[in-house]
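All remarks here apply to the structure that follows.
Each value in this text was obtained by applying a stated rule to the coordinates, not by laboratory testing. On a predicted model such as this, the values are computed, not experimentally measured, just so you know. FYI the Cβ positions are ideal-geometry reconstructions off the backbone, even for glycines, and counts take in every protein chain you see.
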There are 2 protein chains.
Amino acid sequence: MKSERATLPDRELNDRLAASGLRFTAQRQQVLAVLLKRRDHPTAEEVFIRAKSQMPDISMATVYNCLDALTQCGLVRQVHMDRGAARYCPNMSDHSHFRCEGCGRVHDIDLASEALRPHLPRGFQVSHSEVSLHGLCADCARNSAARSSAK
Amino acid sequence: MKSERATLPDRELNDRLAASGLRFTAQRQQVLAVLLKRRDHPTAEEVFIRAKSQMPDISMATVYNCLDALTQCGLVRQVHMDRGAARYCPNMSDHSHFRCEGCGRVHDIDLASEALRPHLPRGFQVSHSEVSLHGLCADCARNSAARSSAK
DNA sequence: TTTGTATTTAGAATCATTCTAACTCTTGAC
DNA sequence: GTCAAGAGTTAGAATGATTCTAAATACAAA
Ligand SMILES: [Mn+2]
Ligand SMILES: [Mn+2]
Ligand SMILES: [Zn+2]
Ligand SMILES: [Zn+2]
């Protein structure tokens, strides 16, 4: 049985889209649902695969369009690690990203770009900033330490 | 009259290349010279154009190869701003980058990634980090303030 | 010299993304 | 309800940056 009233994320989606003069569509709902379900910073390609499993007719072009719409209306951020495909994150708090070279996962890091402000030279006005870190996450660091001590 | 002994950057280049098992070549020398001459974070394309003006037979593939060799032997860093082409920087000190939306220039910012260390969650090991900032540089901010007050 | 390897080169291939143009759906006069 | 206008979706083409490939060239050591 489907609830009469929209779920909370759907209501939020509807309002945000409307505020940007955009329509609520099944595809945008699906793409957002994918991002909210597993917060692992998937690429557009990965979003496409996951969305397609629920909505077989959705196209890659639409996934790009939806991700763009969601980004525009402030529900999703693009994340740029490495040179490869952009990743997408539905966590809109001011945070940074850490890409683990061991497991490949992209972790949210509670490091606000606000913290960088005092380091800037006089007169510069920052409108947007991005911090990307690379290395070993706690789990992978522990494993690699264990492996090397075991020899 | 050309000096008998190699210039300082050439000596350094020779040593660094040797240390990585790479040869000193005219193309690598030229590409490094381009980067040292104007430290404005050019893209590979821009490096190609500048190098070509001195060395008309150099190819784009070689510019990519040389930039790669210079990066490997620690004389140059790749800088990733936006989604576009990578930029190259011969300043190997721990610093960050600021892309001005007014004039398009990429400025070095004296913000060491070391400063981020204390913000990391326990157990994470950072091997590399990059901070990219966007906004208005001091000059452009001043101009835009002047323009808006003049109405 | 000779010979093996590193480097350069042009062009093809690849990858992510954007664009195009046709089709479909929604909305809001009438 | 009908219908036109606009918004959204779609497949596939086009683009831009980079990497790959294979042949030619330059080098360095034997
Ligand atoms: Mn995130
Ligand atoms: Mn720099
Ligand atoms: Zn890990
Ligand atoms: Zn500027």
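Listed values, structure above:
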read-out: Whole-number percent relative contact order across the stretch A:93-150, with pairs defined as alpha carbons under 8 Å at least 6 apart; value: 41 percent
read-out: Shortest-first nm distances, A:Cys103 label point to equivalent points in other copies (7 Å, Cα→Cβ); value: 4.6
read-out: Spatially close lysines, pair count over the protein assembly as shown: Cα under 29 Å, gap of eight or more or interchain; value: 6
read-out: Rounded to the nearest 20 debye, dipole of the stretch A:93-150 from Cβ charges on Lys, Arg, Asp, Glu; value: 200 debye
read-out: Shape box of the stretch A:27-151 [Cα atoms, principal axes, largest first, Å]; value: 51, 50, 23
read-out: Counting DSSP beta bridges with both ends in the stretch A:93-150, the antiparallel % (nearest 5); value: 50 percent
read-out: Values of log10 I(q)/I(0), in the order q = 0.25 Å⁻¹, for the stretch A:10-79 under a Debye, Cα-only, solvent-free model; value: -1.16
read-out: Cα centre as origin, Lys/Arg/Asp/Glu Cβ charges: the protein assembly as shown dipole, Debye; value: 20 debye
read-out: Length-normalised contact order of chain A in % [C-alpha pairs under 8 Å, at least 6 apart]; value: 18 percent
read-out: Largest-first principal axis extents of the Cα set of the stretch B:93-150 (Å); value: 53, 20, 14
read-out: Quotient of C-alpha Rg and 2.2 N^0.38 Å, computed over the stretch A:44-114; value: 1.21
read-out: Axial C-alpha extent at least 15 Å, average Kyte-Doolittle at least 0.0 - helices from chain A (DSSP); value: A:26-37, A:60-72
read-out: Spherically averaged projected area of the protein assembly as shown from its Cα convex hull (nm²); value: 24.4 nm²
